[in-house]
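Visitor: Mind looking over this structure? Questions follow.
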Amino acid sequence: MNRRNFLSLGLGALAVSMAPSTLSAINFRETKPKAWTATKVDASIKEIFGDAAKGEGKIKLKAPDIAENGAVIPVTVSTKLNAKTVAIFQDANPESTVAVFTVPENGIVDYSVRIKMAKTGTVTVVAEVDGKLIQASKLVKVTIGGCGG
């Protein structure tokens, strides 16, 4: 019985490895290098998305109001819209771009990351949906020991 299991698992793994992959990703560090060195959020957004107008939309940004440790701030981005690209920015560090995601066609946007912020600042998420940009922002207070203020 063990030999049958081994053979079926081995053949299954071989079939999966031979299947063509439809996922593709864009390396934004190579294609848009100025976005990673920009010090202002607006400049970073312009480098990644161009001059498209930004509007408020149906995108959720979840982050703590007060973060007691600026090295690991949990941030969650989600939307039910068919986004093409999603980017996270912050204005507390010298470089404002945090992460850029290329969303596969009909992909579900529900990303959770931990970001680093040196001081209190605003976290902004921008998504490209049907050629338009939508955004959401939230102020995150970074404290030592979570004492707030």
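The values are calculated or read from the model by the stated rules, or taken from the named source; none is laboratory data. Because the structure is a prediction, the values reported are computed rather than measured. Using ideal geometry, Cβ is built from the backbone for each residue, glycine included, and neighbour counts are taken over all protein chains shown.
Visitor: So, in region 58-96, of the ones that are surrounded by 20 or more Cβ atoms within 10 Å (Cβ to Cβ), under 10 Å from the mean Cα position of the chain (by Cα) and among the β-branched types (V, I, T), which residue ends up farthest from I48 (Cα to Cα)?
Guide: Only one residue tops the list, namely V75.
Visitor: Would you point out the residue of region 57-83, among those that are out of contact with any strand residue (DSSP E or B) (no Cβ under 7 Å at 6 or more places or on another chain) and of a type outside the set (A, V, I, L, M, F, W, C), that is modelled with the highest pLDDT?
Guide: Here the answer is K80.
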